[in-house]
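The values are calculated or read from the model by the stated rules, or taken from the named source; none is laboratory data. Note that the coordinates shown come from a computational prediction; the quantities given were computed from them, not determined experimentally. Backbone-built Cβ (ideal geometry, glycine too); neighbour counts: all protein chains shown. Keep in mind that these areas ignore ligands, DNA and RNA; they rest on the heavy atoms of the full protein, side chains included. Shrake-Rupley method; radii C 1.70, N 1.55, O 1.52, S 1.80 Å.
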Amino acid sequence: MLVLKFGGTSVGVAEHFLSAVGMVARAVPDDPVVVVSALAGVTNFLVEWCREPTRREAIEAEVVDRHRRLAAEVRLPIGLLDGALEVLIRDLRAIGRAEAPRRIEGEARDRVLAHGERLAAELLAAGLRAAGVEATAIFAGDVGLVTDDRFGAAHPLPEVPARLREGLGQRPRVPVVTGFTGATLDGRVTTLGRGGSDFSAALIGAALGADEIQIWTDTSGMLSADPRVVPEARVVPMLSFAEASELAYFGARVLHPKTLLPAIERQISVRVLNTARPEDAGSLIVSDATRDDSTWHVKSIAAKKGITAVTIVSTRMLLAHGFLARVFEVFARHHVVVDLVTTSEVSISVTVDDTARLDGAITELEGIGRVEVRRDLAVIAVVGDGAPRHTGLAGHLFTLVGGVGVPVEMISQGASRVNLSFVVAEKDADKIVRLLHRGLGLDVETGAVAGS
């Protein structure tokens, strides 16, 4: 069986919506389960609705009109969404009355945001039925995607695979399941965080033992760089789970960083495809991809901006045991996630991308040693199986960077066989990505696009 996930741009534009309907219809013999995101832009509207009490009436009208316009453009029956839209309006107004004039957060915010996926699922299921395919819109929380109650960034519970197998075991011909959403054990609506629809698809695919998970988006696969920075970026035809995970974490926007975890555990291939160009083979992500045959074995350059570096300096670290443990215990207590780590005899440096809880951690770290904080940085990740250990790569790379006068703040390679990362000022990140894309030969085609 197949899991097909369609992103907001894949269902939010009439031409792409009809293309998605056609692809699902052709996949019916493969027993598909469809996962859908909110229409492009709708989640942003709903976030604004929660944040701006004075604009709620206007935003509500815009969300309703957005869905009615798309339904008309794809020639679905007038009034088709009336029931779902009435539920939306009733729920928004009830929440608005209860919370006004405050900003809406937590549980109530998740209830609001989930309506985007609910409406998209209703629309796509209706489009499939109009094309002669038996399809039913399903809320993920109703079929086993149960989570904790960390509203806004909920985590699936361990029993999710068993519950999804039970909930989708006797499924309709084509279930259209809401991405991004779940529910607590007592039925309260939760969301998995922005981009979480990919994660939903992977959880469902892993639970049902899918043959392949397809992520349909607005690019023809994972690319050798961000095309907004490097217009000549090309599709990477095949990547390993390790390579794709590094790229997803360090800035590649095609996949949510959590997406690959369930697929890795069950060894299920993930294919990234373009709804606007369904004939493109896209990128195939498998457990063990072939090594790139270019000079440096590099497949892609990614940049993660908005990074903060924290350095703790203490002579007490010299020849002492337990020092690193004390530092990381502080980060753990304050729920600060660390990306890169480098150490010397008397210091340790780490990078952090979410600084919401960093101040409290810094205050506690000052009891351990002198703390230096550098902000407005970016991590550059050079990714490719075997690339970091390739003789001469590091020398060539840093010669290129030094040649344009950009200082390197921090380098992290460690034992990784797929990623060499370093830190530069955020203002230099795009320049360095373009430089390395050319200097490492990524602007030259090296192989055929992945097939089936």
For the chain, longest principal axis from Cα atoms; helix 42-51 axis from its Cα atoms; angle between them, nearest 10 degrees, is 80
By DSSP, what percent of the beta bridges with both residues in the chain are antiparallel, rounded to the nearest 5? 60
Quick one: helix 323-333 against the long Cα principal axis of the chain, what's the angle to the nearest 10°, folded into 0 to 90? 20
The range 80-176: which GluC sites (Glu not before Pro) are DSSP loop and have at most 14 other beta-carbon atoms within 10 angstrom? Glu105, Glu134, Glu159
For the chain, what is the calculated [θ] at 222 nm in deg cm²/dmol (nearest 500), taking -39500 (n - 2.57) for each run of four or more DSSP H residues and dividing by its residue count? -11500 deg cm²/dmol
Select from the range 94-166 those trypsin sites (Lys or Arg not before Pro) which occupy a DSSP coil region and have at most 11 other Cβ atoms within 10 Å, ordered by residue number. Arg102, Arg103
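Ranked by accessible surface with a 1.4 Å probe, highest first, in what order do Thr399, Thr355, Thr217 come?
Ranked from most to least accessible, the order is Thr399, Thr355, Thr217.
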Alpha carbons only, please: Rg and Dmax for the chain, in angstrom. 23.4, 75
So for the range 14-124, using the alpha carbon gyration tensor with a ≥ b ≥ c as root eigenvalues (a/c under 1.5 gives rounded; past that, a/b versus b/c decides prolate or oblate), I'd call it prolate
Rounded to whole angstrom, the alpha-carbon centroid of the range 348-386 lies from that of the range 150-190 at a distance of 34
Kindly identify the range 288-439 as rounded, prolate or oblate by the Cα gyration tensor criterion: order the square roots of the eigenvalues as a ≥ b ≥ c, call it rounded if a/c is under 1.5, otherwise compare a/b with b/c, prolate if a/b is larger, else oblate. prolate
For the range 215-287, place one equal point scatterer on every Cα, skip the solvent, and apply the Debye formula. What is log10 of I(q)/I(0) at q = 0.15, 0.17, 0.28 Å⁻¹? -0.44, -0.56, -1.42
Apply the Debye scattering formula to the range 100-212, with a single equal point scatterer on each alpha-carbon and no solvent, then give log10 I(q)/I(0) at q = 0.14, 0.22 Å⁻¹. -0.55, -1.20
At 7 Å along the Cα-to-beta-carbon direction for both Ala153 and Ser347, put a label point, then send me their distance in nm to one decimal. 2.8
Rounded tilt (10° steps) of 106-130 against the dominant C-alpha axis of the chain: 60
Cleavage-rule hits (chymotrypsin sites (Phe, Trp or Tyr not before Pro)) in the range 133-205: DSSP loop, at most 13 neighbouring Cβ within 10 angstrom: none
Check Val33: other-chain or 5+ apart residues with amide H under 5 Å from its amide H, H built from backbone geometry? Leu2, Val3, Leu4
